[in-house]
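The values are calculated or read from the model by the stated rules, or taken from the named source; none is laboratory data. Because the structure is predicted, anything quoted here is derived from the model rather than measured. All Cβ positions, even for glycine, are placed from backbone atoms using ideal geometry, and neighbour counts span all protein chains on display. The accessibility values were calculated without ligands, DNA or RNA, using every heavy atom of the protein model including side chains. Shrake-Rupley method; radii C 1.70, N 1.55, O 1.52, S 1.80 Å.
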Amino acid sequence: MRRVKKFILNAAVLTATSLLMRTIGVSFNVYISNKLGAAGAGLFQLIMSVYTFAVTVATSGIHLAATRLVTEELAAGSEKGAKRVVRRCLCYSIFFGCAAAGALFFSAKALGTNILGDERTIPSLYALSFSLPFIAMSSVFSGYFTAVRRVVKSASAQLFEQFVRICASVIGLNLLAPDGIQYACLAIVIGGSLAETLSFGYQFLLYRLDQRRYQKEGRSGKKLTKRMLFIALPVAVSAYARSALTTIEHILIPPRLRAFGYSKEEALARYGVVHGMALPVLLFPSAFLTAFSSLLVPEMSECYVRGNTRQIHAIISRVLHTTLIFAIGVSGIFFTFSHELGMAIYQNPEAGMYLKIFAPLVIVMYLDSVVDGMLKGLNQQISSMRYNMMDSLLSVAMVYFLIPASGIGGYVAVIFASEMLNGFLSFNRLIRVTDFKVRYISWVIKPFVAISAAAVCVRAAAYFLNTGVSTEPLAVACYILCTVILYVILLFLMSSITEEDIHFARSVFQREKHNHRNL
């Protein structure tokens, strides 16, 4: 129980940080969307699709390897081994980071002209290449801090990076945006590259200060390089394949939309509304679950190494219970207030329409994120690789054949099919590996009934009091807050949330002060 409490407390710290970062990030995304417009947002998403693949190559699974190996070495009492792990992982990350940077830099012109089909992307691709080695090395330090449960330090690095990114991007946009979409995208890219570079320096300093606490030598684990490669390379291969297929998918979307009949700018605009506006809002609340996903890897890995099945079931129970209650509630709110959110955030009814369409998928997306973390901690990265490959191949095939016949509606179907397939396979694998029993009535049916009743009551009250539901941001925030309060009350009344859960949560935050020094 003590380990579960420590896990929840660490998760609370990361959740608060992630929520703050997502709030800032979504606000900044709204600012960018207004500056670039729908077509500009689509162009920027094309650039980032290529960059995402380059980052995948640069990191090549090293975050998971660092987390797993540092956890295993410390669990075995080898502080010397933990330090050696970090050094080996840094060498690995420098090699792949520099290789990815060189490949992106020297292929930027060909990518922009022949693959993306828009020469306006070339300067941004050049600029992005310089940040890749620093991102790769930062992944090692991030994995280290996750493994040693020093989440405050990792969180502070994220906040520092976000602060630099926003400040630099805003300054760059004010200087370059008047010259056109190409230069506006370049300004954002330069701001991001600067932030990644400075964040690496900050994390390196934190690591140097943190490692001083490990003075014991101990026996270093054997075959560290082999173990590192065994963890990192399968994840890397999986990530390469999935990221490449995802990049191909995103590159194909605008031309396949044009094949349906849209103009070039209209195709970019439709793509920008889905990926630059609707999806970031849908993923914003997942900040509450990001902490669980990252912390699950070392927790599950340590329990797996020790064969502690009881502790594994305890962690799964708490996390799945929390995830399903939260995801079902968020899904209901997005579905009920989609139009109001679209207008309040973007002044764009089309964005609101996609929020409603994708609202049911939120449950699968959020659940899949935490299940993926648990599977990696249980040494199931090969299975994750297989599932990721399957859904990516399906997505590319559907984009190529379905969008020219169905337009943007076909792309909506692609997203649904991809997420549902991956979510089902991953969840089924977790159940098979752990033999865990899901409490469907308490964790699924009751929350669904509660959020439905809460949303209907709040919307009916809004119509009764105001003869309509306002799209003003403050009013929409009040609707959501009232829905959340009523949802929690109903969950408590229906015993989906029990007094035991409340006492457990309270005990987590009333722990002795000296335990906080372990973060």
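The residue pairs whose first member lies in the stretch 294-312 and is more than 23 Å from Lys437 (Cβ to Cβ) and modelled with pLDDT of 65 or more, whose second member is among the hydrophobic types (A, V, I, L, M, F, W, C) and open to solvent by 60 Å² or more (accessible area, probe 1.4 Å), and whose beta carbons are closer than 9 Å, counting only pairs six or more residues apart or on different chains, are Val305/Ala76. Once the stretch 434-490 is narrowed to residues that are among the basic types (Lys, Arg) and surrounded by 15 or more Cβ atoms within 10 Å (Cβ to Cβ), the residue that is farthest from Val30 (Cα to Cα) is Lys446.
Would you check which residues across the stretch 381-399 are open to solvent by 30 Å² or more (accessible area, probe 1.4 Å) and either at pLDDT below 90 or under 29 Å from Gly332 (Cα atoms) (or both) and list them? Result: Ile382, Met385, Arg386, Met389, Met390, Leu393, Leu394, Met398. The residues on offer are Ser220, Ser243, and the sole one that is touching a Lys or Arg at 6+ places or on another chain (Cβ under 6 Å) and at pLDDT below 85 is Ser220. Checked against (1) touching a Cys at 6+ places or on another chain (Cβ under 9 Å); (2) outside any helix (DSSP H, G or I), Ser139 passes all but a single condition, namely (2). Gln158 falls short of the stated requirement of being open to solvent by 10 Å² or more (accessible area, probe 1.4 Å) and touching a Lys or Arg at 6+ places or on another chain (Cβ under 9 Å). Checked against the criterion of being open to solvent by less than 50 Å² (accessible area, probe 1.4 Å) and under 30 Å from Val170 (Cβ atoms), the candidates Gly81, Gly97, Gly102 yield just one match: Gly97.
Might you let me know whether the stretch 67-75 holds any residue that is in a helix (DSSP H, G or I), out of contact with any strand residue (DSSP E or B) (no Cβ under 9 Å at 6 or more places or on another chain), farther than 30 Å from Ala269 by Cα and acidic (Asp, Glu)? Yes: the stretch 67-75 contains one or more residues that are in a helix (DSSP H, G or I), out of contact with any strand residue (DSSP E or B) (no Cβ under 9 Å at 6 or more places or on another chain), farther than 30 Å from Ala269 by Cα and acidic (Asp, Glu).
Can you list residue pairs whose Cβ atoms sit under 7 Å apart, with the first residue in the stretch 484-499 being on the phi > 0 side of the Ramachandran plot and the second being open to solvent by less than 80 Å² (accessible area, probe 1.4 Å)? Count only pairs 6 or more apart in sequence or on different chains. Here the result reads none, with nothing in the stretch 484-499 linked to a residue that is open to solvent by less than 80 Å² (accessible area, probe 1.4 Å).
Conditions (1) within 17 Å of the chain's Cα centre (by Cα); (2) at pLDDT 75 or above, marked per residue:
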{"site": "Met1", "(1), (2)": "no, no"}
{"site": "Ala11", "(1), (2)": "yes, no"}
{"site": "Thr15", "(1), (2)": "yes, no"}
{"site": "Arg22", "(1), (2)": "yes, no"}
{"site": "Gln45", "(1), (2)": "yes, yes"}
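Answer yes or no as to whether Tyr240 is surrounded by fewer than 22 Cβ atoms within 10 Å (Cβ to Cβ) and assigned to a helix (DSSP H, G or I). So Tyr240 fits the description; yes.
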